[in-house]
Amino acid sequence: MTSPDDRRGTVLEDGLHPAFPTPLLVKRYADAAELNERLLEHIAAREANEATMGLSNVGGWHSPTDLLDSPDPAILELRKRISACLQKMLVMTRHKKPTGDQTMRISAWANVARAGAYNAIHNHTPAVFSGVYYVSVGDPPPEGSRDGLIEFVDPRPGPHGGPLPTHVFNAPLIVDPEPGMLLIFPGWLLHYVHPYRGTTPRVSV
């Protein structure tokens, strides 16, 4: 699929094309174990001293949105990785990289989930992009369950209504998180997290 500047429209070759795709960037950090340990310590210390903000989370703990403002080396490294992935996302979605006179404002918070906690359906408008980094996914879920999984909602209204066969266009996008995984997606994309029933804290940013 190409869209040269000197053509009236997009040139489509024969075959199947994703007409209105929604970008989802997935990045796994194989070297994240030590970083995650330091992040767990930092987040646990804040949880012990700060009340939950209680936004999309039902149960669990939601930190203030200033997590990335800390000078802690682990937080600085996480911010560096988030920023690099955002730059990649901008290029891959055909945006221009921010230059010296263009800046990105990045904010983040920590979520700590324990047995029964979940995140209700929500998005992050007016943010251009949103994302989640998994520090710890907690205990292994029962086989076949969706405990702790993040689910994205198809943003198109058509596939949600009517009988089959319209539902063929509404396959759910459910991601099984891993420690050290970073997801980035449009801020307007609705998503939620299925209830977590483990005892080991499940920690995400």
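The values are calculated or read from the model by the stated rules, or taken from the named source; none is laboratory data. All values derive from a computational prediction rather than experimental measurement. These accessible areas exclude ligands, DNA and RNA; they are computed on the full protein's heavy atoms, side chains included. Shrake-Rupley method; radii C 1.70, N 1.55, O 1.52, S 1.80 Å.
Summary of values
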quantity: Distribution of pairwise C-alpha distances over the chain, 5 Å bins, in %; calculated: 1, 6, 13, 17, 18, 16, 11, 7, 5, 3, 1, 0
quantity: D_trans [Stokes-Einstein, Kirkwood Rh over alpha-carbon pairs] for the stretch 26-100, 10 °C, 1.306 mPa s, µm² s⁻¹; calculated: 109
quantity: Per residue, in Å², the accessible surface of the chain once ligands and nucleic acids are set aside, probe 1.4 Å; calculated: 61
quantity: Estimated [θ] at 222 nm from DSSP helical runs (n ≥ 4, -39500 (n - 2.57)) normalised by residues in the chain, nearest 500; calculated: -6500 deg cm²/dmol
